[in-house]
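Just so it is clear, none of the values below were taken in a lab; they were calculated from the coordinates. Not measured: the values here are computed from a predicted model. FYI the Cβ positions are ideal-geometry reconstructions off the backbone, even for glycines, and counts take in every protein chain you see.
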Amino acid sequence: MIKKKFQRKIENFTCENCNTSVQGDGYTDHCPSCLYSKHVDINPGDRDCNCKGLMEPIAAEVKKDGYRIYYRCLDCGYNHRVRSSPEDSFEAILSLLSKSIA
């Protein structure tokens with residue numbers, strides 16, 4: 001059986017970095033306060049990754065449809081990027097814009 005690339009999962013969680021309680025909407029993949037994420041997916045929403053490490057936001061860039069946030073897993077070094085969401089802390093995004101994506 002072939003899995004879809006994206007699987008919507010509505011999950012609430014507590015951020016493991018800053019302890020913010022986050023209400024998920026099925027597309028929520030990071031904390032809107034500190035922008036940290038968790039390395040749980042191989043494909044979005046599948047929860048098939050065994051790493052479970054914290055994903056540190058390391059940079060951001062401006063795109064025509066918003067911002068892209070770049071991550072690095074603190075456990076395995078995996079790199080990933082996602083779109084920002086309207087609920088994200090603008091100050092947290094601004095602090096990442098001056099950092100190099102490389």
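Annotations
- Non-local Lys pairs in the chain, i.e. 8 or more apart or on different chains, that have alpha carbons under 28 Å apart: 21
- In plain terms, if you count all Cα to Cα distances in region 1-68 and split them into 10 Å steps from zero, the share in each step is 19, 47, 31, 4 percent.
- As a proxy for reagent exposure, C31, C76 were ordered by neighbouring Cβ count within 10 angstrom, fewest first; the result is C76, C31.
- Residues of region 19-56 with an amide N closer than 16 Å to a point placed 7 Å from the Cα of I10 along the Cα-to-Cβ direction: 22-29.
- Label point distance in nm, F90-E61, each placed 7 Å from Cα along Cα→Cβ: 2.3
- Per-residue [θ]222 nm for the chain (sum of -39500 (n - 2.57) over DSSP H runs n ≥ 4, rounded to 500): -2000 deg cm²/dmol
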